[in-house]
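Have a look at the structure below before the remarks.
The values are calculated or read from the model by the stated rules, or taken from the named source; none is laboratory data. Since we're looking at a predicted model, the values are computed, not measured. All Cβ positions, glycine included, derive from the backbone under ideal geometry; neighbour counts span all protein chains shown. Ligands, DNA and RNA are excluded from the accessible area calculation, which covers all protein heavy atoms including side chains. Shrake-Rupley method; radii C 1.70, N 1.55, O 1.52, S 1.80 Å.
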Amino acid sequence: MRIARRAVSAAQHGVWVAQELAPGSPLYNCGVTFDIRGRLDHPALRRAVRRALTETEALRARFTADGDDLRQTIAPAPDEPLRTIAVSGAADPAAAAAAWIDDDMAAGVDLRSDEPLYAHVLFALAPDHHRLYVRFHHIALDGYGQTRYLDRLCELYTESAAGREPAPAPFHTLADLLDEEAAYRDSARHTRDRDYWLAAFADRPEPANLAGRTAPASPTALRRTVTLPAPRLAALLDAVPELSGRWPLLVIAATAAYTHRVTAAQDVVLGLPTTARMTKAALATPA
């Protein structure tokens with residue numbers, strides 16, 4: 001049985017509108033894989049996935065829209081949320097799993113349907129080699145929420161495989177988070193915060209454009225990973241203590257310096273994602 005229909009958060013509403021403008025786009029699909037070598041306790045993993053979903057209301061949200069009135073309800077966790085696919089018979093099991101994952105990530109999710117906003121798939125590449133694939137829709141979990149969920153999933157598996165009862169989850173309900181946000185938006189603090197940031201960026205320059213032109217958002221991403229030479233890595237590590245160990249500051253400074261060098265912009269504006277989580281409940285709960 002589903003709980004009562006509730007409002008949505010500002011972040012959820014933003015993702016909903018963006019997805020409605022590009023129906024069928026996979027832009028808001030988020031996925032992660034775990035490469036597992038050695039013995040895998042399949043029953044423990046199934047128990048961990050089921051319990052993690054039971055504890056995480058945001059993943060089980062379903063959305064209905066009546067005009068501008070967007071609401072969400074929470075569906076129960078399925079009895080068998082983990083799908084297992086054997087690819088060990090393929091010529092290249094790892095490539096077969098990767099191709100399946102790529103196809104799944106490229107498929108759009110209809111937020112108006114009862115289709116789950118998540119997937120948990122275990123690929124059996126060999127008797128001692130598995131790959132766990134977990135997909136989320138961004139309307140359910142942001143990047144921070146995904147780390148909270150995955151940390152809990154790993155904790156539940158570890159405890160279950162060891163025959164121990166896991167500690168209760170620190171998660172709050174989705175209703176708690178929505179009530180906190182509503183209280184903040186109706187508060188004097190919200191008005192002060194809004195006025196401050198509007199004034200702080202009233203004279204902001206246009207962001208520097210590295211390409212000299214704009215393009216529509218792409219549903220896919222290009223990623224390149226490199227390994228830094230040891231001397232360069234050592235130099236970066238030497239700089240971190242001066243920043244109190246805060247790696248993001250180093251990355252931001254390097255990005256600003258690179259942007260200035262390429263564009264000659266004197267006042268560099270960078271857009272950065274932030275968690276916007278200000279309370280213990282928000283910091284503890286995947287949403």
Handout entry: Estimated inter-spin distance, Leu237 and Ala264, nm [label 7 Å along Cα→Cβ]
Key = 4.0 nm
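Quick one: dipole size for the chain, taken about the Cα centre, charges +1 on Lys/Arg Cβ and -1 on Asp/Glu Cβ, in debye to the nearest 20.
Numbers: 32 positive and 35 negative charges, 79 e Å.
Its charge dipole is roughly 380 debye.
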Exercise for the section: Over the alpha-carbon set of segment 74-230, work out the extent along each principal axis and list the three values in angstrom, largest first. Expected result: 61, 47, 45
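Apply the a/c threshold of 1.5 to the C-alpha gyration tensor of segment 208-287 and tell me whether it is rounded, prolate or oblate. Each step should come with its number before you reach the end.
Working: a/c = 1.61, a/b = 1.08, b/c = 1.50.
Because a/c hits 1.5 or more and a/b fails to exceed b/c, segment 208-287 counts as oblate.
Given the Cα-Cα distance of Ala65 and Ala107 and 0.36 nm per residue of separation, how much length would full extension add, in nm?
Length gained, Ala65 through Ala107: 12.9 nm.
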Practice task
Enter the accessible area of Arg189 (Å², nearest 10), with the probe set to 1.4 Å and all protein chains included.
Solution key: 110 Å²
Problem - Label of the coordinate-derived value, Cα Rg over 2.2 N^0.38 Å, listed as [x] 1.00; [y] 1.16; [z] 2.20 - result: [y]
Practice task
Quickly estimate the mean residue ellipticity at 222 nm for the chain, helices only: each DSSP H run with n ≥ 4 gives -39500 (n - 2.57), and the total goes over all residues, rounded to 500.
Solution key: -12500 deg cm²/dmol
Fill in the blank from the handout: Here, Tyr184 and Arg83, labelled 7 Å along Cα→Cβ, have an inter-label distance in nm of 3.5 nm
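Would you please classify the overall shape of segment 98-140 from the alpha carbon gyration tensor, given that a ≥ b ≥ c denote the square roots of the eigenvalues, rounded means a/c under 1.5, and beyond that prolate means a/b larger than b/c while oblate covers the rest?
Judged from the Cα gyration tensor, segment 98-140 comes out prolate (a/c at least 1.5, a/b above b/c).
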Practice task
Report the one residue of Pro219, Ala140, Ala264 whose Cα lies farthest in the direction of the positive end of the charge dipole of the chain (charges on C-beta: Lys and Arg +1, Asp and Glu -1; origin at the Cα centre).
Solution key: Ala264
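Just subtract the alpha-carbon distance of Ala215 and Thr54 from 0.36 nm times their residue separation and send over the number in nm, one decimal. Spell out each step's value before the answer.
On the way: separation 161, 0.36 × 161 = 57.96 nm, distance 4.04 nm.
Between Ala215 and Thr54, full extension yields 53.9 nm more.
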Fill in the blank from the handout: Between Leu222 and Ser25, the two model label points (7 Å from Cα along the beta-carbon direction) sit apart by a distance in nm of 1.9 nm
Exercise for the section: Apply the Karplus parameterisation 6.51 cos²θ - 1.76 cosθ + 1.60, with θ equal to phi minus 60°, to every residue of segment 118-134 and state each ³J(HN,Hα) to the nearest whole Hz, in sequence, with x for glycine and proline. Expected result: 8, 8, 10, 10, 10, 9, 9, 7, 7, x, 10, 9, 10, 10, 9, 10, 10
Handout entry: Those residues of segment 238-278 whose amide nitrogen sits under 13 Å from the label point placed on Asp193, 7 Å along Cα→Cβ
Key = 274-278
Fill in the blank from the handout: Restricting to Cα pairs under 8 Å and 6 or more apart, the percent relative contact order of the chain works out to 24 percent
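Indicate the gyration tensor shape class of segment 22-108 (rounded, prolate or oblate), computed on the Cα atoms with a ≥ b ≥ c the square roots of the eigenvalues: a/c under 1.5 is rounded; otherwise a/b larger than b/c is prolate and the rest oblate. Provide the component values of the computation, followed by the final result.
Values: a/c = 3.27, a/b = 1.46, b/c = 2.23.
Oblate, since a/c reaches 1.5 and b/c is not below a/b.
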Practice task
Tabulate in residue order the Karplus-calculated ³J(HN,Hα) for segment 271-287, using 6.51 cos²θ - 1.76 cosθ + 1.60 with θ = phi - 60°, rounded to whole Hz; enter x for Gly and Pro.
Solution key: x, 10, x, 10, 6, 6, 9, 10, 10, 4, 5, 5, 6, 8, 10, x, 6
